[in-house]
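This is the structure I want to talk about, given as structure tokens.
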Amino acid sequence: MTIKDFFYFNKSDRKALIFLLTVGICATALFFLLSDEEKTTTGGSDRDTVFVQEPGRLYHSSSQPVAYYRVEGRQAELFPFDPNTADSTDLLRLGLQPWQVRNIYKYRAAGGVYRKASDFARLYGLTRKQYLAMEPYIHISSDYLPASTLAANTAQTPELERDTVRFPIKIKSTEHVALNAADTSMLKKVPGIGSYFARQIVNYRTRLGGFYNTRQLLEIENFPEEALTYFSLPPRDASQIHRLPINKLSINQLKRHPYMGYYRARAIADYRRLKGPIHRLEDLGMLKDFTPEAIERLKPYVSFEE
């Protein structure tokens, strides 16, 4: 509608149209005014809720009082303490912060130990001034000191005594050791024989049932031949050799002897089953497992009782 069209309306229509336009303009103006006022009010409210922090306290910017807290300074006390056993109350009295106390508890729970005063200086957050003030009061219990400190209080063993224990006195070239009767302590007195060969001699002697010749020692791997002259086999020792009743023992029992083994033990069992009891080792000479040398070695160790 143009301005020309406006004048074609009659007078009453023009009045109504002007009224509607006026109402619309007023409503629009009122809407914008109310909107600006609301924004202003909201902005002021936001500013009122801002917290301002100053050293020492926390307060609200509005006129309404709000609650705040302040951590009061704690006067540190100095008194003798052991960081390995002190409880949280004592540690707080010393001026430590709660989180430092928790770190101490975690360190101790993980197996940590303060062994000297300087170990406590590694506590995180502990200042040099605090440590120097506490240092004279740190007393570590003897239960937490290193075990090496015991050496200072232990009487030192004379050097000659230690040598005697570590290196047994060896026998002279004119002295001898009974091979079938000596224990490991006596065997170690033989020149060239230490703990290892002493144990090997005893073990092999047990498996054989006793030695009948000193040269049997050479059957032990790497045995020193020069040590043979220090051993003796009196007749009484040779007569006490343990013998195997080959007509009574099973294959498992026979094969345990170093000179027997499984195949010879089975050959003996087969011979007994087929031909009866064995009366002499030469009866086994026809078997391939019993060579003349094997029969000769076995003779001192077998018996033929039925």
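Condition check: within 30 Å of residue 286 (Cα to Cα) and surrounded by 13 or more Cβ atoms within 10 Å (Cβ to Cβ). Does residue 244 satisfy that? Walk me through it before giving the result.
Working: within 30 Å of residue 286 (Cα to Cα): yes; surrounded by 13 or more Cβ atoms within 10 Å (Cβ to Cβ): yes.
So residue 244 passes the test.
Hey, among 259, 271, which residue is part of a helix (DSSP H, G or I), among the hydroxyl-bearing types (Ser, Thr, Tyr) and at pLDDT 90 or above? Steps first, answer last, please.
Numbers: 259 fails: part of a helix (DSSP H, G or I).
Only one candidate qualifies: 271.
Just checking, which of 105, 114 is buried (at least 17 other Cβ atoms within 10 Å of the Cβ) and hydroxyl-bearing (Ser, Thr, Tyr)? Lay out the reasoning, then the answer.
Details: 105 fails: buried (at least 17 other Cβ atoms within 10 Å of the Cβ).
Among 105, 114, only 114 is buried (at least 17 other Cβ atoms within 10 Å of the Cβ) and hydroxyl-bearing (Ser, Thr, Tyr).
Mind listing whichever residues of the stretch 274-284 are among the aliphatic types (A, V, I, L, M) and outside any helix (DSSP H, G or I)? Let's see the steps before the verdict.
Our first condition is that a residue be among the aliphatic types (A, V, I, L, M); within the stretch 274-284, this holds for 274, 278, 281, 284.
Of everything in the stretch 274-284, just one residue is among the aliphatic types (A, V, I, L, M) and outside any helix (DSSP H, G or I), namely 278.
Something else: Which members of the stretch 80-125 meet the condition of being of a type in the set (Phe, Trp, Tyr) and more than 26 Å from the chain's Cα centre (by Cα)?
81, 99, 124
Sticking with this structure for a sec: Which one of these is in a loop (DSSP other than H, G, I, E, B) and under 50 Å from the mean Cα position of the chain (by Cα): 226, 221? Show your work before the answer.
Values: 226 fails: in a loop (DSSP other than H, G, I, E, B).
Testing whether each residue is in a loop (DSSP other than H, G, I, E, B) and under 50 Å from the mean Cα position of the chain (by Cα) leaves just 221.
As an exercise: evaluate residue 157 against (1) part of a loop (DSSP other than H, G, I, E, B); (2) of a type outside the set (A, V, I, L, M); (3) on the phi < 0 side of the Ramachandran plot; (4) at pLDDT 85 or above and give the number of the one condition it does not meet.
(4)
Follow-up. Check residue 207 against each of (1) touching a residue at least 12 places away in the same chain (Cβ under 8 Å); (2) assigned to a loop (DSSP other than H, G, I, E, B); (3) in the same structural domain as residue 178 (by TED's automatic domain parsing) and name the one condition it does not meet.
The one condition residue 207 does not meet is (2).
Test each condition in (1) basic (Lys, Arg); (2) out of contact with any Leu (no Cβ under 8 Å at 6 or more places or on another chain); (3) exposed (fewer than 15 other Cβ atoms within 10 Å of the Cβ) for residue 255 and report the one that comes out false.
Tallying (1) basic (Lys, Arg); (2) out of contact with any Leu (no Cβ under 8 Å at 6 or more places or on another chain); (3) exposed (fewer than 15 other Cβ atoms within 10 Å of the Cβ), residue 255 fails exactly one: (3).
Would you check if there is a residue in the stretch 191-200 being in contact (Cβ under 8 Å) with a residue 40 or more places away in the chain, part of a helix (DSSP H, G or I) and either touching a strand residue (DSSP E or B) at 6+ places or on another chain (Cβ under 7 Å) or closer than 23 Å to residue 300 by Cα (or both)?
No - not one qualifying residue is present in the stretch 191-200.
The values are calculated or read from the model by the stated rules, or taken from the named source; none is laboratory data. Please read these numbers as outputs of a predicted model, since none were measured by experiment. Every residue, glycine as well, gets a Cβ built from its backbone with ideal geometry; the counts of neighbours run over all protein chains shown.
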